[in-house]
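Student: Pasting in a structure now, in C-alpha cells, and then I'll have a few things to ask.
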Amino acid sequence: MIWIGFMALLGYFTAAATIPQQYIDNDVQQQQLLIASNILGFIHLSFEVSQFIYDPIKWIFDFWNIFDIIAFLLPVYTSIYWPQTNIRNIQLLSFTCLFLDIKFLLFFKLFESFALAYHQVFENGTFDPNPYMVQQPDGNTNMFVNFRTALFAMY
C-alpha cells in the first residue's frame, strides 16, 4: 500500500510539474494535482515519523531515512510554495522530481541486512549456537504452525 501511495505521489507531482501550461484549464487541474501530492506527501512523512518514534536510534543511523525525508519534504514544500507565489521555479521542480525518481528506485534496493541464522539441530531438539546448516524455525519460517498456513503450504 505504501508503494502504491508513493506511485500516486510520484505521478501526481510529476504530472503537475511537467504538463505544459497550455494544456491546463485555468490552473484548476494543476491545483488539484498539487493538493493531491501535498496530501500524499504528508501521509508519507507520517510514515517516517512513526518509524522514528518506533526506533529513533536505528532511524537516525540509517542514511536512507534522511534521504526519504528529503524526498517527501520537497514535494510538500513545492506543492505549497508554487501556488502561493505563482512562480514556476524550474530548479526546485527538477530537484523534487529527481529525488522522487531516486526514491522510486530505492524501493527496489536489495542491500538491506536480512541475514538468516542457520544452526545445527541436535537429537534432543536443542540448537547449536554457532551457525551451521539448518535455519532455526519460527512462526515466519514454519508454515505448519497453524492450519491455514499448513493448507497453503500443501497446495
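The values are calculated or read from the model by the stated rules, or taken from the named source; none is laboratory data. Every value quoted in this text rests on a predicted model; they were computed, and no experiment measured them. Ideal geometry is used to build each Cβ from the backbone, glycine not excepted, and the neighbour counts take in all protein chains shown.
Student: Within the group ALA36, ALA16, which residue is modelled with pLDDT under 90 and in contact with a Phe, Trp or Tyr (Cβ under 9 Å, 6 or more places away or on another chain)?
Tutor: Sole residue among the options that is modelled with pLDDT under 90 and in contact with a Phe, Trp or Tyr (Cβ under 9 Å, 6 or more places away or on another chain): ALA16.
Student: I'm trying to understand the selection: among the residues of region 27-84, which are charged (D, E, K, R) and either outside the structural domain of ALA15 (by TED's automatic domain parsing) or within 19 Å of LEU100 (Cβ to Cβ) (or both)?
Tutor: Of the residues in region 27-84, the ones charged (D, E, K, R) are 27, 48, 55, 58, 62, 68.
Passing the criteria: GLU48, ASP68.
Listed here are the residues, each with its yes/no results for (1) in a loop (DSSP other than H, G, I, E, B); (2) polar (S, T, N, Q); (3) touching an Asp or Glu at 6+ places or on another chain (Cβ under 8 Å).
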position: ILE69; (1), (2), (3): no, no, yes
position: TYR77; (1), (2), (3): no, no, no
position: ILE87; (1), (2), (3): yes, no, no
position: SER94; (1), (2), (3): no, yes, no
